[in-house]
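First up is the structure itself, then whatever we jot down about it.
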């Protein structure tokens, strides 16, 4: 895809989103694309290995129930079907037009398809935005024509789509020529046709079976978000594998992901460009990849999408979810004839959030009665004795399954799967236990021949050959299940009364005022114009106090002796007034002095940074971290697009690695996290209210106390100001 | 294995190590085990699937060049070989006696083997330390008999060994019954027979071919360290895969690993028990697992052993190293017809220390001339155009290989490997380029049929199906290569003049003295018995100062007003003296007051913690971390067994996550790391000198400055004291 940097173009039936105020975007109906009954292929070929021949060949070979109309003025028959010289010659509108002609002829075909009332157009042809500016302009023209006509557009430069349940193969992907897999419940949505095609083969080898495939190409019309949104409501799809490089409108992507989440679809996402090298490679691949990876990451996590970094991991997840329901919790039981494998599983379990509850004593005793030298806690080590006599293994397995404290069971069976004869010795027991415990996730790890794998899968048992990989996958499924169980994120109204920021630069004092009005608690302060006023104010504020000179002409107040800290009484306040005035007069003669700012010193507490930045894809994004080295050196910050619910805010806070410091590490008081969360929510609402005017906000420090907390300093940068100074 | 908790038993020809002062241990010669020419099997069976039948069957089937003597009083022929009623009946000593009889009869066979001058005994039989205390005692008796007779002992409760090059299969592992693989250059050393056997199959499926296999069982005699040390000098072995649960003597393990490192053997280690759950599972499996995982981790890293957490990763590493030499550096070139895969590779590269240097412009231009719309920097995206015309891909590949700035090249070829015909279109070019660039590591990622995989491997090209897994493996190999290039760790003499710690508890003052004598710099201090002496001393020490009461009766000096900080001048010193004496007199009437301790306040700097703890496996271990939350909350500490070289110490310092804070983060001065390293070296030498008397040392804080640094407080705990108080 090459159009990430282009202007957003609204897709038919959808409303383009340009501001975060819009609550929900309408997503296009993809039925014409994925449930098409009538499909015309313009540029149809008699050669089943040519781009214009493949979709016809695939559909004929697999029994597409609808009708395919090859369009080719030079032929009368194509692959046994009557060919038509033009779309008009068909005599009635078709649902879908596939365009497989040279790039220069695409526009003509698109105009024709619109004239013939096609509902949807798929452009295979390349030579557009992925090539140069002229190509980008050409694809934008085409997208505009389609949008105006209300015709759904996929591509250009895409390898197409399929709906396996209907044998609708509107694609030229070559992976299908090595054999089309039976239909399943896993969908692929991909911004790279090559990766989608490779994944079809790789995940297919792993046992994944597919419902749909959508390669979005240059995304001049519909995009990844549209595909996800449609699949979110598709009953044939249980898992959606997403290969993502970026998107134009992060809020629509988020909405699509949330729709999938609401319907408990498992999203497994490979989002690339996390590293600098990766982002550079992506930029050279797609022209421009906008948006911070950290924000994508936050959104994927919020939407309970599982982010992976390898295609294999993606395949494992989809495979497991397509065979079994998610486990109900994170409690794993392990049975193995090898103690060592039990240790590997236990180590791996710790790394992925699984616990291994001990079997109750009566059950342990039962196991000891079967094999006296077994280890019966959990992992249950049945010992090598059970390799020679599989009935012992079966009996122990029965005990393990009888315990109601597990959500998943992993059985390691060494090389047993190498022989049907050996497998036959455990399979009846295994399958019966599996059937009797439909709520359990059951996985078997063994080196298995295909016939054994097939039987396991048909019985709803997940197969692995590596015990750590099995455990990691179960852990990921348990985390996904916990995410779904936590419920849909609270709905947050994006509607905020619009706020117009004052003209001119926003001073610290104005920033404070604006944010305080929006509910951010600030440390109290007072302005004094004389020493006497300072003393009076200090009595109201309480000691100890800090005093700062107030002057638009003095930027670095400490450097000129304009700041005094820890003033303990009225006398010190008066002394400080005198000292500051003298020092400033000496160091900054001629500066306009508006008095001094007094504020109490906040004792103890933990310093935090609360901020807002503008992401080109997701709009205003709230940032949270601990102050000092944690933000600046360790980059220990979390993000989330505004606006936030309290739940979101609390989640952001709990995600920082330095969390123990907020929870009362080393005997200190825990911080009032509720107060911090409310400040984050207020800040997020402020950001939404400001709309496009706002570039960034930084509240630094925000001091969290045992009860309550205060912002001390705040900086607001407007977009106009940021643009003038070359960004922030 | 079940004897981790037993006393160390010296193996024949080796010297048991009980103190760190010993420089090197002599490792036993395993030739009788692995180069045996004459092998007797006691308990030999005619059934090739029985434990006493398998080794005979495996050796007969695979052409063992030596002689096998089945011992069985009830048979005259076993599997076609003449059987003997006893070892004595053979008429001459044999190199190796395999014991495959019931546990109760093992001792008798061992005595017989010793009497018949066997050089080595392998005990398959179980029923020893893995069962109960009586079994443990029985195996210790046997071990002692063997040690006294100078006979090498492997087991009991082990599945045996093989040397594939000599077709010597002294093992009953069942994995071999599914077909014995051709000999290769990868050895397996394992503390779990089941895992070793499974790994043989799993890694074999991946294309790994083996030289040796050693399952060490209960390790009553030889252990994992002995196996590694022998393989370190074996010319047939390039890679050693180690499955490790723990060991009795960490120093011998370290020595074996260093020997492997010196000979540039690649060690791939799966050390389990890293997590609490894993350690618990291991304890239940092996009886007792001693030693801290963090120390094992430090030692593995020091010895350039690659630690993995899955069997698959282990197989990948061994596979790659067995086919190709390590890359010379970390510079990776990627060629792919899919831009997306290039991004995945670039992201993954970042995570594993690989860089993707840009191709020079002239080469980029050459590529653009071949495929105008390719992306020619690196990753090189040849575009889908090269799928239709593979000659274009070949030409671009030639350009890529012509660049001398890569150490490794990864070629992604999508589904090309699914067809011999397609593969034929690139293989001549690929193989020619590979041959012309023998110093390069070359990997191909494609979904491949076996014939394609075989050709790749035969041509020294590593095969993968997942691009991220390929990249991660290359990254690991590059890190190993960098480790070897850094050279062998400096030899450190373990000989230190022995030091006897004073009797009685070691006060802070004594601790300081002892450590200062061993070269740890301390902040200067002085004792004063009167106010006047304090003032005089303060003039020598310099201001500002801290003053602390000196009394053996007062533990918490601050609580009783016994500490004053930031004394700025002589007057404050005198005031502080008066105040401390008054406060202490009031709060602790009757306490013996020995005066006050004065020391300058160290301004600025970074607080660190330097320590020594005693590990049951590795002996005294040095610890390093930053002070405050970094040690206490984030557990950001590094370890290394004493004694340290300066290089070791610097490496420990550089391993903490908080390193940026020592390097001058946020505009502060960088810390004099050389000084910290020297203090760690001195501390490690102190620990070695103390020998078994020492439990722990904690120097907290050690303040690192821009130039130099000082210990401020120190605590030394003797082992006797720690034992009295139930440990530390």
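All of the numbers you see were taken from the coordinates with simple rules; none came from a lab. Only a predicted model underlies this, so the values are computations on that prediction, with no experimental measurement involved. Here the Cβ positions follow ideal geometry from the backbone for every residue, glycine too, while neighbour counts run over all protein chains shown.
Only bridges whose two residues both fall in the protein assembly as shown count here: according to DSSP, what percent of them are antiparallel, nearest 5?
The antiparallel fraction comes to roughly 50 percent.
Over its Cα atoms, what ratio of radius of gyration to 2.2 N^0.38 Å does the range A:65-159 give?
1.08
Hey, what angle do you get for helix B:508-517 against the long axis of chain B, alpha-carbon based, 0 to 90 degrees rounded to 10?
Tilt of helix B:508-517: around 60 degrees.
With angles folded into 0 to 90 degrees, how steeply does helix A:133-149 sit against the dominant principal axis of chain A? Use alpha carbons for both and round to 10.
The helix A:133-149 is inclined about 80 degrees to chain A.
With the contact rule set at Cα under 8 Å and sequence spacing of 6 or more, what percent relative contact order holds for the range A:569-728?
Working: 250 pairs, mean separation 35.9, N = 160.
For the range A:569-728, the relative contact order is 22 percent.
Given just the C-alpha atoms of the range B:126-223, how large is their convex hull per residue in cubic angstrom?
89 Å³
Between the range A:417-462 and the range A:527-557, what's the alpha-carbon centroid distance in Å?
77 Å
At what distance in angstrom do the alpha carbon centres of the range A:120-173 and the range A:470-519 lie from each other?
35 Å
Ranked from highest to lowest mean number of other Cβ atoms within 10 Å per residue, what is the order of the peptides B:350-359, A:497-506? Kindly include the intermediate steps, with their values, before the conclusion.
On the way: B:350-359: 18.7, A:497-506: 12.4.
With the highest mean Cβ count within 10 Å placed first, the list reads B:350-359, A:497-506.
Could you work out how far apart the two model spin labels at residue B:439 and residue A:587 are, taking each label as a point 7 Å from the Cα in the direction of the beta carbon, and quote it in nm?
It works out to 5.9 nm between the two label points.
If the label point is 7 Å along Cα→Cβ of residue A:633, which residues in the range B:678-712 have backbone nitrogen under 19 Å from it?
Residues B:700-712 qualify, since their backbone N sits under 19 Å from the label point.
Let me have the relative contact order for the range A:561-636, percent, based on Cα pairs under 8 Å that are six or more residues apart.
On the way: 53 pairs, mean separation 14.8, N = 76.
The normalised contact order for the range A:561-636 reaches 20 percent.
What per residue convex hull volume, in Å³, comes out for the range B:35-92 when only alpha-carbon positions are used?
Cα convex hull per residue, to the nearest whole number: 75 Å³.
Rounded to the nearest 5, what % of the DSSP beta bridges within the range A:62-186 are antiparallel ones?
Of all bridge pairs located within the range A:62-186, approximately 45 percent are antiparallel.
So for the range B:579-701, what percent of the C-alpha to C-alpha distances run longer than 20 Å?
Everything past 20 Å amounts to 53 percent.
Rank these for me by crowding, A:389, A:234, going from fewest to most other beta carbons within 10 Å.
Fewest-to-most ranking of A:389, A:234: A:389, A:234.
Expected output is a single nm value to one decimal: the length gained when fully extending between residue A:568 and residue A:178, i.e. 0.36 nm times separation in residues minus the C-alpha distance. What is it?
Going from the current span to full extension adds 132.2 nm.
Calculate log10 I(q)/I(0) of the range A:267-341 for q = 0.25 Å⁻¹, where I(q) comes from the Debye formula with a single equal point scatterer on each Cα and nothing for solvent.
So the normalised log intensities are -1.20.
Take peptide A:327-338, look around each residue's Cβ out to 10 angstrom, count Cβ atoms belonging to other protein chains, and average those counts.
That works out to 1 on average.
Rounded to the nearest 0.05, what FRET efficiency do residue A:67 and residue B:655 have when you use their Cβ-Cβ distance and R0 = 60 Å?
After rounding to 0.05, the efficiency reads 0.35.
Given that compact globular proteins tend to follow 2.2 N^0.38 Å, what is the ratio of the alpha-carbon Rg of the range A:365-513 to that value?
Computed over Cα atoms of the range A:365-513, the ratio equals 1.74.
Using a simple spin-label model with points 7 Å from Cα along the Cα→Cβ vector, what separation in nm is obtained for residue A:484 and residue B:603?
Here the modelled spin labels are 6.3 nm apart.
Roughly how tilted is helix B:293-302, in degrees to the nearest 10 and between 0 and 90, from the longest Cα axis of chain B?
70 degrees
With no solvent and one equal point scatterer placed on each C-alpha of chain B, evaluate the Debye formula and give log10 I(q)/I(0) for q = 0.06, 0.10, 0.12 Å⁻¹, two decimals.
At q = 0.06, 0.10, 0.12 Å⁻¹ the computed log10 ratios are -0.49, -1.03, -1.24.
Treat the count of other C-beta atoms within 10 Å as a stand-in for reagent exposure and order B:370, A:159 from fewest to most. Please report the intermediate quantities before stating the final value.
Numbers: B:370 20, A:159 28.
Going from least to most buried by this count: B:370, A:159.
Please report how far the C-alpha centroid of the range A:633-657 lies from that of the range B:572-590, rounded to the nearest whole angstrom.
Value for the Cα centre distance between the two parts: 50 Å.
Computed FRET efficiency, Cβ-Cβ of residue B:90 and residue B:205, R0 45 Å: what is it to the nearest 0.05?
E(calc), rounded to 0.05, equals 0.70.
Highest first, please rank the peptides A:471-481, A:655-665, A:193-203, B:553-563 by the mean number of other Cβ atoms sitting within 10 Å of their residues.
Highest-to-lowest ranking by the protection proxy: A:193-203, A:471-481, A:655-665, B:553-563.
Can you give the relative contact order of chain A as a percent, counting alpha carbon pairs under 8 Å and 6+ residues apart?
Numbers: 1560 pairs, mean separation 69.1, N = 728.
Reported as a whole number, the value is 9 percent.
Take every DSSP beta bridge with both residues inside chain A and express the antiparallel ones as a percent of the total, to the nearest 5.
50 percent
Provide a whole-number value for the mean count of partner chain Cβ atoms within 10 Å of the Cβ atoms in peptide A:188-200. Let's see the in-between values first.
Working: counts 0, 0, 1, 2, 7, 3, 13, 8, 2, 4, 13, 0, 1.
Across A:188-200, the average partner-chain Cβ count within 10 Å equals 4.
How much length is gained on full extension from residue A:368 to residue A:325, taking 0.36 nm per residue of separation minus their Cα-Cα distance? Don't skip to the answer; put the middle values down first.
Numbers: separation 43, 0.36 × 43 = 15.48 nm, distance 3.20 nm.
The residue A:368-residue A:325 span can extend by a further 12.3 nm.
With 51 Å as the cut-off, how large is the P(r) tail for the protein assembly as shown, expressed as percent of Cα-Cα pairs?
That fraction is 42 percent.
Could I have the simple spin-label model distance between residue A:133 and residue B:529, label points 7 Å from Cα toward Cβ, reported in nm to one decimal?
With each label placed 7 Å out from Cα toward Cβ, I get 9.1 nm.
Across 5 Å bins from the origin, how do the percents of Cα pairs in the range B:293-443 run, short distances first?
2, 9, 16, 20, 20, 14, 8, 5, 4, 2, 1, 0
What number in nm² do you get for the range B:160-210 if you take the convex hull of its Cα atoms and divide its surface by four?
Orientation-averaged projected area of the Cα hull: 3.1 nm².
Expressed as a whole percent, how much of the Cα-Cα distance distribution for the range B:212-329 exceeds 16 Å?
Of all Cα-Cα distances in the range B:212-329, 61 percent exceed 16 Å.
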